[in-house]
Amino acid sequence: MDSRYLRSLITTIEQGSIAEAARAENLTAAAISQRIQALERELGFPLLSRLAHTARPTEACLNLLPRARHIVSEVALLAGDIDPKGLTGTIKIGAISTAMTGMLPTVLRQLRQNAPNLKPGIVPGTSRSLYQAVLDDEIDAAILVAPAFELPKSLQMRNIRAESLVLLSRYAPQGDIPATLQSRPYLRYDPNAWGGRFAEKYLKDQGLELGAMCDLDGLETIAMLVADDVGVSLVPHWPGLEKLAHECVITRIPDPGYARKLVLLSKLQHPRPSILELLSQAFAIKL
């Protein structure tokens with residue numbers, strides 16, 4: 001059995017369709033289909049339920065999925081076994097959107113310089129989804145907002161940075177921050193997002209009850225709307241905010257209690273601890 005076929009099956013399940021899996025693996029949809037059909041012939045039962053443009057795992061497929069993931073993971077570790085430094089192979093890094101553009105490019109350059117035989121794969125997502133992906137061993141590590149709950153003993157997190165809460169407005173505030181928030185339409189950083197709770201805490205502490213014009217989880221979208229003078233917002237001061245909203249005014253809220261904390265989350269026991277350590281060092285150098 002070719003482990004690449006198992007990897008294509010796993011990618012199809014993660015992406016939700018053969019077409020998306022083909023794009024993720026840089027193959028044709030026909031090649032992905034052929035790989036999965038070969039697995040079905042060898043195993044003797046269907047692995048996917050195809051409906052319209054989607055592909056869902058069958059019950060039998062779900063039963064073998066944990067072992068398939070383990071096999072693919074073990075095969076990916078083979079290249080690193082002959083490297084005495086343990087810096088050869090692949091690593092899947094999850095990242096929230098602001099980390100993807102704000103800090104990850106420099107970190108990836110640092111990794112390439114210090115570990116040229118390491119092949120990082122980047123997985124975008126929300127803090128909630130990336131947390132679950134680390135827990136389920138779908139990715140090796142994730143850059144996300146520190147969870148508000150206690151971690152299971154199987155996980156560890158390392159602090160990356162604290163991002164101050166700021167008022168983002170198109171023009172300089174007229175009066176103090178609460179007055180400005182009350183005078184303009186409020187674009188709310190979704191309070192259900194892990195990072196959105198800090199803005200909500202500030203409003204509550206200030207006794208402000210604002211009718212949000214809309215709730216948005218995408219901080220880049222909020223910045224662009226503020227730049228177009230649609231409204232004002234409370235957002236974390238992430239790297240790259242000035243570049244995206246260079247015509248806006250950023251007013252910092254000095255209280256560190258409202259800062260969004262970013263962490264590097266991973267399993268406590270990882271088969272390639274030297275790679276995780278190098279990743280952690282890359283963030284330390286960057287920040």
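Rule-based calculations on the coordinates, nothing more; no lab input. On a predicted model such as this, the values are computed, not experimentally measured, just so you know. Every residue, glycine as well, gets a Cβ built from its backbone with ideal geometry; the counts of neighbours run over all protein chains shown.
Evaluate the Debye formula for region 111-161 with equal point scatterers sitting on the alpha carbons, no solvent, and hand back log10 of I(q)/I(0) at q = 0.16, 0.20, 0.29, 0.31 Å⁻¹, in q order, two decimals.
The Debye formula, applied to the Cα set alone, gives -0.55, -0.80, -1.24, -1.32.
When the helices in the chain are scored as -39500 (n - 2.57) per DSSP H run of 4 or longer and the sum is shared across all residues, what 222 nm value do you end up with, to the nearest 500 deg cm²/dmol? Walk me through the numbers on the way to the answer.
Working: 12 runs with 128 residues, N = 287.
Mean residue ellipticity, 222 nm, calculated: -13500 deg cm²/dmol.
Show the residues, 5+ positions off or on another chain, whose built amide H is closer than 5 Å to the amide H of K261.
Hits under the 5 Å cutoff: A146, E163.
Please turn the phi angles of region 35-48 into ³J(HN,Hα) values with the Karplus equation 6.51 cos²θ - 1.76 cosθ + 1.60 (θ = phi - 60°), one per residue in order, whole Hz, x for glycine and proline.
5, 5, 4, 5, 5, 5, 5, 5, 7, x, 8, x, 9, 10
Would you kindly derive the ³J(HN,Hα) couplings of region 104-119 from the backbone phi angles with the Karplus curve 6.51 cos²θ - 1.76 cosθ + 1.60 (θ = phi - 60°), listing them in order in whole Hz, with x for Gly and Pro?
5, x, 5, 5, 5, 5, 5, 5, 4, 5, 8, 9, x, 8, 8, 10
Using a cut-off of 13 Å between alpha-carbon atoms, which aspartates and glutamates can reach K261, once sequence neighbours fewer than 8 places away in the same chain are excluded?
Correct list for K261: E163.
Quick one: of the DSSP bridges fully inside the chain, what percent are antiparallel, nearest 5? List each step's numbers first, then the result.
Working: 25 of 40 bridges.
So the antiparallel bridges in the chain amount to around 60 percent.
Past the 32 Å Cα-Cα mark, which pairs from K201/K267; K243/K267; K153/K201; K204/K267?
Details: K201/K267 30 Å; K243/K267 34 Å; K153/K201 28 Å; K204/K267 35 Å.
Among K201/K267; K243/K267; K153/K201; K204/K267, the Cα-Cα distance tops 32 Å for K243/K267; K204/K267.
Determine, for T101, T126, the number of other Cβ atoms within 10 Å of each Cβ, and report the residues in order from fewest to most. Numbers along the way, then the final one.
Details: T101 15, T126 19.
Arranged by neighbour count, lowest to highest, T101, T126 become T101, T126.
Counting DSSP beta bridges in region 165-258, what percent are antiparallel, to the nearest 5?
Numbers: 8 of 13 bridges.
Restricted to region 165-258, the bridges split so that about 60 percent are antiparallel.
Tell me whether region 165-258 comes out rounded, prolate or oblate; compute the Cα gyration tensor, take square roots of the eigenvalues as a ≥ b ≥ c, and use a/c under 1.5 as the rounded threshold.
Numbers: a/c = 1.28, a/b = 1.14, b/c = 1.12.
It is rounded, given that a/c, with a ≥ b ≥ c, falls under 1.5.
Using modelled amide H (1.01 Å from N, peptide plane; none on Pro or chain starts), what sits under 5 Å from the amide H of V123, excluding residues fewer than 5 places away?
HN-HN under 5 Å from V123: I93, G94, A95.
Taking amide H atoms as placed 1.01 Å from N in the peptide plane, list the residues 5 or more away in sequence, or in a different chain, whose amide H sits under 5 Å from that of S169.
Amide H neighbours of S169: V249, T251.
Find how much the distance from Q206 to V75 grows on full extension, using 0.36 nm per residue of separation minus their present alpha carbon separation; answer in nm with one decimal. Mind showing how you got there, number by number?
Details: separation 131, 0.36 × 131 = 47.16 nm, distance 5.43 nm.
Residue separation times 0.36 nm, minus the Cα-Cα distance, leaves 41.7 nm.
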